Amino acid sequence: MVERGVQYTSRGITMNLFEILASLEEDYEMHIARLLILLSVFAGKKGNKTINGLTKLVKLDFLLRYPVYLERALQVIRASPKAAKVQDHERKSVESSMIRYRYGPWDPRYRRFINLLVGKGLAQVSSKKRTIKIGLTMAGLNKASILCKDDNFQDLMHRAHLLRANFDMGATRLKEFIYETFPEIVSLRLGEEIKP
């Protein structure tokens, strides 16, 4: 469970873990940047491919957002977990802790994130039957290209490429793989912290 009483001090500001996680979760730009990188890698060389299904996007982003879980997923498929290049600070950071949402650690705001991307002219969404196809516009590809050149986003870009190479499967199969590999993420109570 989230230890609400434990205090953390940084730069003279004292907050409890719950407050830290809440402040990180409100940083929409961080989420938008991560999704732009993920969508751009899956767009392929011509930039015209999409991620088919919100479920697939959410599960891929779960592995991108929490590299310790990507490391474990790589191990399960018999790929080198070292390929995830998880740094020590990532294992111990507040960001590595997840909160149990209604449907597991899947942030309930993905539709809002996608709407923000579409509203900014960075993404486009279409549907075929019951599947939502999410892709980037030229403006989105250009913005993602700028992010991918930034040293601060090199780990995200590298891991997005790992995801495309190893986990570009159908949404249902990916969902089954995640639940089989990480059964602990669905067994916790709402609001409970999920430790990697």
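The values are calculated or read from the model by the stated rules, or taken from the named source; none is laboratory data. Note that the structure is a prediction, hence the values are computed from the model and not measured. We place every Cβ from the backbone using ideal geometry, glycine too, and count neighbours over all the protein chains shown.
Within segment 144-168, residues that are closer than 20 Å to Lys120 by Cβ and assigned to a helix (DSSP H, G or I) have Cβ atoms under 6 Å from residues that are acidic (Asp, Glu) and modelled with pLDDT under 95 in no pair, counting only partners at least 6 apart in sequence or on another chain.
Across segment 115-157, the qualifying residues are those that are β-branched (Val, Ile, Thr) and closer than 22 Å to Ile178 by Cα, and the one among them that is surrounded by the most Cβ atoms within 10 Å (Cβ to Cβ) is Ile134. Taking segment 158-174 as the range and being surrounded by fewer than 18 Cβ atoms within 10 Å (Cβ to Cβ) and touching a helix residue (DSSP H, G or I) at 6+ places or on another chain (Cβ under 6 Å) as the test, the residues that pass are His161, Arg164.
Residue-level check: of (1) at pLDDT 90 or above; (2) closer than 23 Å to Met30 by Cβ, His89 misses just (1).
Condition (residue is in contact with a Phe, Trp or Tyr (Cβ under 9 Å, 6 or more places away or on another chain) and farther than 17 Å from Asp155 by Cα) applied to segment 31-44: is it met by at least one residue? Among the residues of segment 31-44, not one is in contact with a Phe, Trp or Tyr (Cβ under 9 Å, 6 or more places away or on another chain) and farther than 17 Å from Asp155 by Cα, which makes the answer no.
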